[in-house]
Amino acid sequence: MPVCAARYFLQWAAMERQHETTLRFFAQPIEQNSLGKVHGGAVMKWIDEAGAAVAIGWSGRICVTVYVGGIRFVKPISIGSLIEVHARLIYTGRTSMHVAVDVRASDPRDGNYAQTTHCIIGYVAIDDAGQPIEVPKWAPKTPEDLALQQHAMSALTLSKDIEAEMRRYMRD
Ligand SMILES: CC(C)(COP(=O)(O)OP(=O)(O)OC[C@H]1O[C@@H](n2cnc3c(N)ncnc32)[C@H](O)[C@@H]1OP(=O)(O)O)[C@@H](O)C(=O)NCCC(=O)NCCS
């Protein structure tokens with residue numbers, strides 16, 4: 001299970017089921033790339049951990065990442081920044097859960113956060129045999145929820161189109 005690092009501080013929303021979370025921590029020197037900023041792979045790991053926490057919290061199941069969609073690195077992140085990773089469930093299929101994740105960074109001395117990365121990431125709940133298993137339905141409540149659900153459905157369609165295209169060139 002990808003969610004394991006004790007340094008993460010999870011704040012669960014007070015809901016019947018956990019559908020969003022925010023992780024906060026400092027960007028560590030070990031995450032530095034050759035340009036002295038946070039490595040993109042480290043940011044993707046944070047995103048996967050926050051998204052997995054939401055998918056597992058929602059479904060109460062072991063979940064695996066099925067796709068990452070529309071990831072955009074808007075700004076580089078300095079080592080020592082205070083990081084906030086906000087993940088929010090925006091769409092459920094039969095066995096899949098789609099989570100919007102926003103990464104923001106601030107200088108801890110002023111606390112002014114700026115968005116650095118956005119993406120949608122999808123998980124599938126699996127049973128003990130590793131087979132996809134049904135998840136509880138997420139029902140959008142607000143106009144913003146509905147817009148985000150539409151956003152997830154568009155990203156899902158794109159992801160499946162990309163997979164179909166890639167299959168032409170993938171080795172068995
Ligand atoms: C994810 C996995 C369980 C799906 O198994 P599968 O037999 O291919 O699944 P299915 O075709 O039944 O699809 C399962 C769900 O994935 C979704 N899915 C499949 N391909 C997808 C794609 N390219 N993009 C987005 N979602 C996709 C389907 O829509 C379906 O969701 P739904 O039930 O809500 O409609 C399997 O591919 C797997 O184990 N992959 C490896 C996962 C992994 O190792 N992740 C990294 C570490 S956590």
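Coordinate-derived values only; no laboratory data. Just so we're clear, the structure is a prediction, and the values are computed from it rather than from any experiment. Glycine gets a Cβ as well: all are built from the backbone with ideal geometry, and neighbour counts include every protein chain shown.
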### Query
Quick one: helix 143-167 against the long Cα principal axis of the chain, what's the angle to the nearest 10°, folded into 0 to 90?
80
### Cα-Cα over 29 Å, subset of Lys137/Lys160; Lys45/Lys137; Lys37/Lys160
Lys37/Lys160
### Query
Tell me, what is a quarter of the convex hull surface for the C-alpha atoms of segment 9-167, in nm² with one decimal?
10.9
### Query
In the neighborhood of Arg61, defined by Cβ-to-Cβ distances under 11 Å, what is the net charge if each Lys or Arg adds +1 and each Asp or Glu adds -1?
-3
### Message
Using 0.36 nm times the number of residues separating Ser154 and Arg24, minus their current alpha carbon distance, what extension gain do you get?
### Response
43.9 nm
### Task
Report, to the nearest 10°, how far helix 40-59 tilts away from the longest principal axis of the Cα atoms in the chain, using its own Cα long axis and a range of 0 to 90°.
50
### Query
Between Glu134 and Asn112, what FRET efficiency follows from the Cβ-Cβ distance if R0 is 41 Å, with the result rounded to 0.05?
0.45
### Query
Hey, any idea what the orientation-averaged projected area of the convex hull of segment 100-170's Cα atoms comes to, in nm²?
8.4
### Query
Going highest first, how would you order 97-109, 135-147 by mean Cβ packing within 10 Å?
97-109, 135-147
### Task
Quick one: what are the phi-derived ³J(HN,Hα) couplings along segment 69-77, Karplus 6.51/-1.76/1.60 with θ = phi - 60°, whole Hz, x for glycine and proline?
x, x, 6, 9, 8, 8, 9, x, 10
